[in-house]
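Asks: The structure is given below, and queries will be raised subsequently.
The values are calculated or read from the model by the stated rules, or taken from the named source; none is laboratory data. Everything numeric here is computed off the predicted structure, so don't read it as measured data. Neighbour counts are summed over all protein chains in view; Cβ atoms, including those assigned to glycine, are modelled from backbone coordinates with ideal geometry.
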Amino acid sequence: MNGGSKAVYPGSFDPLTNGHLDVIRRSAAVFEMLTVAVVVNPQKREPMFSLEERKAMIRECIADLSNVEVMDFRGLLADFVREIGADVIVKGLRVVSDFESELSTALMNRSLSGVDTMFLMSDAKYSFVSSSLIKEVFVLGGDVSGYVPEPVLRMMNSQRRAVPIKRSSSK
Ligand code: PNS
């Protein structure tokens, strides 16, 4: 890889966490250009935020980074990285179990596209932070302010006001 490297950081970002933002900032310092690639339809379940909301929150959080852009993609990541001429895929690794699934994914993506995946070790303070856990804690009334950037927290709170979360009373 040379100095003109273009990296893609893919994910659902439903929503962006402080752990994601840390990977974005550290990647932006290494690669000449970084594309945060938001998958249109996350595979897991119905997203909390629409594609446009997820992209808008990321854009607000990376406004100070001149070499980072936000795009979306549908279908295969391997097709997307080839389409935009990326040199490398970036992923964050939090725990050993992440590695188990990421290994086969990285090998498949390289087999399909010829593009390698590079891994950044997540900062230890984010090793337990995931979008799905944050959503669960938030829905159950917990404080997630330490785990998501301020623009994300604002969006989560405004969604809670728009659609109050029902909690059943325990007897
Ligand atoms: O934030 P996530 O949900 O862990 O991100 C998962 C993502 C979007 C990176 C992954 O689901 C993906 O790459 N989806 C695109 C579909 C694809 O290429 N599948 C084959 C992978 S080998």
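Asks: Determine the pairs where a residue that is away from the ligand (no atom under 16 Å from the Cβ), located within the stretch 63-77, has a partner that is at pLDDT 95 or above and polar (S, T, N, Q) with Cβ atoms under 7 Å apart, the partner being 6 or more residues away or on another chain.
Replies: Glu69/Thr35
Asks: Find all pairs meeting these conditions: Cβ atoms under 8 angstrom apart; at least six residues apart or on different chains; first residue within the stretch 126-152 and part of a helix (DSSP H, G or I); second residue surrounded by 13 or more Cβ atoms within 10 Å (Cβ to Cβ) and of a type in the set (Gly, Ala, Ser).
Replies: Tyr126/Gly19; Ser131/Ser12
Asks: Is the stretch 105-120 home to any residue that is within 14 Å of the ligand (Cβ to nearest atom) and aromatic (Phe, Trp, Tyr)?
Replies: Yes.
Asks: Condition check: modelled with pLDDT under 95, of a type outside the set (Ser, Thr, Tyr) and either buried (at least 20 other Cβ atoms within 10 Å of the Cβ) or within 14 Å of the ligand (Cβ to nearest atom) (or both). Does Lys55 satisfy that? Steps first, answer last, please.
Replies: Working: modelled with pLDDT under 95: no; of a type outside the set (Ser, Thr, Tyr): yes; either buried (at least 20 other Cβ atoms within 10 Å of the Cβ) or within 14 Å of the ligand (Cβ to nearest atom) (or both): yes.
Taking the combined requirement at face value, the residue does not satisfy it.
Asks: Take Val90 and decide whether it is farther than 20 Å from Gly19 by Cα, touching a helix residue (DSSP H, G or I) at 6+ places or on another chain (Cβ under 6 Å), within 13 Å of the ligand (Cβ to nearest atom) and in contact (Cβ under 8 Å) with a residue 40 or more places away in the chain. Lay out the reasoning, then the answer.
Replies: Numbers: farther than 20 Å from Gly19 by Cα: no; touching a helix residue (DSSP H, G or I) at 6+ places or on another chain (Cβ under 6 Å): yes; within 13 Å of the ligand (Cβ to nearest atom): yes; in contact (Cβ under 8 Å) with a residue 40 or more places away in the chain: yes.
Answer is no for this residue.
Asks: If I filter the stretch 36-50 down to residues being more than 12 Å from the ligand (Cβ to nearest atom) and surrounded by fewer than 21 Cβ atoms within 10 Å (Cβ to Cβ), which single residue comes out as nearest to Ala124 (Cα to Cα)? I'd like the intermediate steps shown before the answer.
Replies: Of the residues in the stretch 36-50, the ones more than 12 Å from the ligand (Cβ to nearest atom) are 46, 48-50.
Subset that is surrounded by fewer than 21 Cβ atoms within 10 Å (Cβ to Cβ): 46, 48, 50.
Numbers: Glu46: 29, Met48: 26, Ser50: 29 Å.
Ranking the candidates gives Met48 first.
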